[in-house]
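Each remark here refers to the structure printed beneath this line.
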Amino acid sequence: MKIAPTSFALLGAAALVLAGCSSDSSDETMVGGMAECTDAAMQEAVGAVYGEGGFVISGYKCEDGWAYATTDPAEGEMSAPMMYIFEAEGQFWIPKDAVTVCGTYADGTYPADAIVPESLYDPACLAG
């Protein structure tokens, strides 16, 4: 049985199509939507860092995929007020280290090496 050259071409094209449809476990895809800027979302984000309970969120603000949240100790708890910075990744708020994302503070202006949006810089990076 002879296979015509056009058959090889069709088989090759089919193999390429199938290869294009296969999944690669190293592919990163966003699942679940976007992070929300709500009381519940901030409570969950802080709770993931702080631990459940023991704090009350006293304020938060979100902008351009970034958020900060301030907390006070819950009634009867012995702890200090805290401030947290988060970056949105998909539907989750990921905690970030202020030293890493706030840049080099020098002369009272927004640092050129800051990653946090300028509108969040003062309350998020200069708190405390």
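The values are calculated or read from the model by the stated rules, or taken from the named source; none is laboratory data. As the structure is a prediction and not an experimental result, all values here were calculated from the model. Cβ atoms come from the backbone with ideal geometry, glycine included; neighbour counts cover every protein chain shown. Note: areas computed on protein heavy atoms with side chains; ligands, DNA, RNA excluded. Shrake-Rupley method; radii C 1.70, N 1.55, O 1.52, S 1.80 Å.
A few remarks follow.
- Residues that are open to solvent by less than 50 Å² (accessible area, probe 1.4 Å) and out of contact with any Lys or Arg (no Cβ under 8 Å at 6 or more places or on another chain) were ranked within the range 84-107; the one that is nearest to residue 40 (Cα to Cα) is 93.
- Leading residue by the ranking (farthest from residue 102 (Cα to Cα)) among those in the range 33-82 that are among the aliphatic types (A, V, I, L, M) and open to solvent by 80 Å² or more (accessible area, probe 1.4 Å): 78
- Cβ separations smaller than 8 Å between residues 6+ apart or across chains give the following pairs from the range 44-72 residues that are over 22 Å from residue 118 (Cβ atoms) and at pLDDT below 90 to residues that are open to solvent by 30 Å² or more (accessible area, probe 1.4 Å) and part of a strand (DSSP E or B): 50/82; 54/73.
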